[in-house]
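Engineer: Dumping the structure here so I can ask a few things about it.
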Amino acid sequence: MNIILLGPPGAGKGTQAKRIEEKYGLVQLSTGDMLRAERKSGSELGRKAQAIMDAGKLVSDDLIIELISRRIDQLKGGKGFILDGFPRTVPQAEALDRLLAEKGLKLDAVIEMTVDEAELIHRIAGRFSCAKCGASYHDQFNRPKTDGVCDVCGATEFTRRADDRPEAVKIRLVAYREQTAPILPYYRKKGLLHPVDGMAAIDEVGRQIEAVLGRP
Ligand code: AP5
């Protein structure tokens, strides 16, 4: 099964992608995480992307399409995938169709996570993640079981993203409205779009997604 999680910044795409990975044995392909890994490694691509990401703008379509195509090719044993943060523009959605056709693959569902803007800002403002393994938390909604200790790897250092500053968040929300939301009709027309209520609690959103995907 190959699916897309679509939604504005802070909608909970990363949070749900991790749960779907575990339950359905799919692989999360997050373009945001890939770009952050490139930055950490100091690669040329990472250097190019850094200022654009920190400002809250979108990285160029060509660069992202190349990145995702390589990652799909690296999947082993015919594993299905969850696209998180891709596609984000109409040209990316069209390129994805071409890529999948070339590779003999298809999309099974596009999950649209809807959340109010005020809630998105609240979620992003409270987000932090483990500096070692990247597990994501929230000051209020999703705290580690033991304060100051990562549930996943036990590390005690946490970080906040540079693009989670309020000025950058405003620009990311505009980018979503103007560049990403126009791909919703593209998938609706194909009969692939399934809206879920992203305002619900994390477990409830997970249940709604399972209702779309079927039992693991
Ligand atoms: P990316 O990393 O993809 O960021 P994003 O789309 O802005 O999404 P986020 O990671 O901020 O949010 P999320 O929906 O994953 O929410 P999360 O689960 O963390 O992209 C970053 C940048 O990279 C872009 O701005 C761009 O520059 C570049 N880029 C990436 N892909 C690109 C592309 N295809 N083309 C061009 N440029 C690209 O949840 C948020 C918080 O809320 C967490 O603290 C979580 O614990 C909490 N939470 C989650 N669900 C709930 C819930 N149901 N109730 C309460 N709290 C919740």
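The values are calculated or read from the model by the stated rules, or taken from the named source; none is laboratory data. Given the structure is predicted, the values throughout are model-derived calculations rather than measurements. When we count neighbours, we look across all protein chains shown, and the Cβ atoms used for this are built from the backbone with ideal geometry, even at glycine. Each accessible area value is taken on the protein alone, full model and side chains, heavy atoms only, with ligands, DNA and RNA left out. Shrake-Rupley method; radii C 1.70, N 1.55, O 1.52, S 1.80 Å.
Engineer: Can you tell me which of Ile171, Ile202, Ile124 is within 15 Å of the ligand (Cβ to nearest atom), out of contact with any Asp or Glu (no Cβ under 9 Å at 6 or more places or on another chain), closer than 20 Å to Gly10 by Cβ and among the hydrophobic types (A, V, I, L, M, F, W, C)?
Structural biologist: Testing whether each residue is within 15 Å of the ligand (Cβ to nearest atom), out of contact with any Asp or Glu (no Cβ under 9 Å at 6 or more places or on another chain), closer than 20 Å to Gly10 by Cβ and among the hydrophobic types (A, V, I, L, M, F, W, C) leaves just Ile202.
Engineer: Residues of segment 42-66 being closer than 18 Å to Ser30 by Cβ and acidic (Asp, Glu), which ones?
Structural biologist: Asp54, Asp61, Glu66
Engineer: I need the full set of residues from segment 100-117 which are of a type in the set (A, V, I, L, M, F, W, C) and within 13 Å of the ligand (Cβ to nearest atom), in order please.
Structural biologist: Ile111, Met113, Val115
Engineer: Let me ask something else. Would you confirm whether or not segment 164-182 contains a residue that is more than 20 Å from Met113 (Cα to Cα), of a type in the set (Phe, Trp, Tyr) and either within 18 Å of the chain's Cα centre (by Cα) or surrounded by fewer than 13 Cβ atoms within 10 Å (Cβ to Cβ) (or both)?
Structural biologist: Looking through segment 164-182, none of the residues is more than 20 Å from Met113 (Cα to Cα), of a type in the set (Phe, Trp, Tyr) and either within 18 Å of the chain's Cα centre (by Cα) or surrounded by fewer than 13 Cβ atoms within 10 Å (Cβ to Cβ) (or both).
Engineer: Could you check how many residues of segment 67-81 are over 17 Å from the mean Cα position of the chain (by Cα) and either of a type outside the set (Gly, Ala, Ser) or more than 22 Å from Lys103 (Cβ to Cβ) (or both)?
Structural biologist: Counting residues in segment 67-81 that are over 17 Å from the mean Cα position of the chain (by Cα) and either of a type outside the set (Gly, Ala, Ser) or more than 22 Å from Lys103 (Cβ to Cβ) (or both) gives 6.
Engineer: Taking the residues in segment 130-163 that are free of Cβ contacts under 8 Å to residues at least 60 places away in the same chain and among the hydroxyl-bearing types (Ser, Thr, Tyr) as candidates, determine which candidate is least open to solvent (accessible area, probe 1.4 Å).
Structural biologist: So, considering only residues that are free of Cβ contacts under 8 Å to residues at least 60 places away in the same chain and among the hydroxyl-bearing types (Ser, Thr, Tyr), the one least open to solvent (accessible area, probe 1.4 Å) is Tyr137.
Engineer: Looking at Val90 and the list (1) modelled with pLDDT under 95; (2) of a type in the set (Val, Ile, Thr); (3) over 13 Å from the mean Cα position of the chain (by Cα), which single condition is not satisfied?
Structural biologist: (1)
Engineer: Just checking, how many residues over segment 183-199 are loosely packed, with under 14 Cβ neighbours inside 10 Å and within 13 Å of the ligand (Cβ to nearest atom)?
Structural biologist: Count: 1.
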